[in-house]
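Computed from the coordinates by the stated procedures, all read-outs in this text should not be read as laboratory data. Quantities reported herein were computed from a predicted structural model and do not represent experimental measurements. In this analysis, Cβ positions are derived from the backbone assuming ideal geometry, glycine residues included, and neighbour counts consider all displayed protein chains.
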Amino acid sequence: MLYRQFTSQDQIDAEYNVELSIADGPRWFDFFINESARARADLTCHLDESFGPTRPETMDIFPAPQPDAPIVVFIHGGYWRRLSAKEFSFAARGLVARGMTAVITNYALCPQVTIAEITRQSRAAVAWIYRNAARFNGSAERIFVAGHSAGGHQVARLLATDWATDYGLPANLLKGGYALSGLFDLRPLRYSWLQPMLQLDGDMVRRESPQFHIPDSSAPLVADVGGLESAEFQRQSQEFIAAWNGAGLNGRYTEQQDCHHFSVIEGFNDGDSLLCERLSAFVTECESRQPEL
């Protein structure tokens, strides 16, 4: 066995190569690009804010209409090896409509860097946001993280960060995480079509798989997937939430029925969508300190 019941790369690829299972995949990439361009044209934004020493370490910030607003940091997917913040500006539309400051982060891509370096960059981005929140109508005391696919993996890694020891910041810097179609166990990807780009080894898999690094304490977490996604994507979120709850942490698994791996984030483009309604309710629940999870 390569991983669980899988004996071949083809079997693993069938579960994890989402572009093989979505017939109209190119249409969704057009949607991401075109709606993101419209969002940047329609919304007040501060583009390409630098948060680190390397060129990819930038973020696009879409301020809330009012000061001291919740901040939602969105981390894009692409299996750590493609796409950028610019294809996901559309995620800001629904968040800003809900009264939040939206921050879409960019990061360097594999194989130029490792997944561990991407995690470092995501942590550096959040630290920068904490220190600069007021500049963009955001509150440093109201920071949440959301992410899709590889970005969902980053949500989990951020929630496991020791902010006090490593950054000298409040231990409870993050108030909640919302991971969509996240990847929490990297072991199968080592045997997939992605391996030449990700260049995973055993040590990297162990260090960067959130499934093996459940924190002792954390803000609440939602792991959300599409009802039409593969059994493996659903299982990854289900088992991660089971481990999360098993450690006494606050977590919930949810599904968006009739959604696949790309359409699961479509709702970010509309403040009245079910996704934005759920995310907004999650923010409110976390801030009440009695989240119904």
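Structure above, values below:
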quantity	calculated
The stretch 231-262, residues that are in contact with a Ser or Thr (Cβ under 7 Å, 6 or more places away or on another chain) and not aliphatic (A, V, I, L, M)	Phe233, Tyr253, His261
Boolean, Glu117 is in a helix (DSSP H, G or I) and in contact with a His (Cβ under 8 Å, 6 or more places away or on another chain)	no
Total residues in the stretch 225-275, condition free of Cβ contacts under 8 Å to residues at least 12 places away in the same chain and touching a strand residue (DSSP E or B) at 6+ places or on another chain (Cβ under 7 Å)	1
Output for the stretch 77-98, where each listed residue is surrounded by fewer than 24 Cβ atoms within 10 Å (Cβ to Cβ) and in contact with a strand residue (DSSP E or B) (Cβ under 6 Å, 6 or more places away or on another chain)	Ala85
Candidate set: the stretch 11-48, residues that are more than 16 Å from Asp60 (Cα to Cα) and of a type in the set (Gly, Ala, Ser); chosen: the one surrounded by the fewest Cβ atoms within 10 Å (Cβ to Cβ)	Ala23
Matching residues, the stretch 81-91, being in contact (Cβ under 8 Å) with a residue 40 or more places away in the chain and touching a Ser or Thr at 6+ places or on another chain (Cβ under 9 Å)	Lys86, Glu87, Phe88, Ser89, Phe90, Ala91
Answer from Arg157, Arg142 - the residue that is surrounded by fewer than 21 Cβ atoms within 10 Å (Cβ to Cβ), touching a residue at least 12 places away in the same chain (Cβ under 8 Å) and either in a strand (DSSP E or B) or in contact with a His (Cβ under 9 Å, 6 or more places away or on another chain) (or both)	Arg142
Filtered residue count, the stretch 122-139, keeping only those that are over 30 Å from Glu19 (Cβ atoms), surrounded by fewer than 24 Cβ atoms within 10 Å (Cβ to Cβ) and out of contact with any Phe, Trp or Tyr (no Cβ under 7 Å at 6 or more places or on another chain)	9
Any hit, the stretch 106-118, residues being touching a residue at least 12 places away in the same chain (Cβ under 8 Å), among the hydrophobic types (A, V, I, L, M, F, W, C) and over 30 Å from Gly202 (Cα atoms)	no
Evaluation of Ala171 against (1) closer than 12 Å to Ile75 by Cβ; (2) outside any helix (DSSP H, G or I); (3) of a type in the set (A, V, I, L, M, F, W, C) (one fails), failing number	(1)
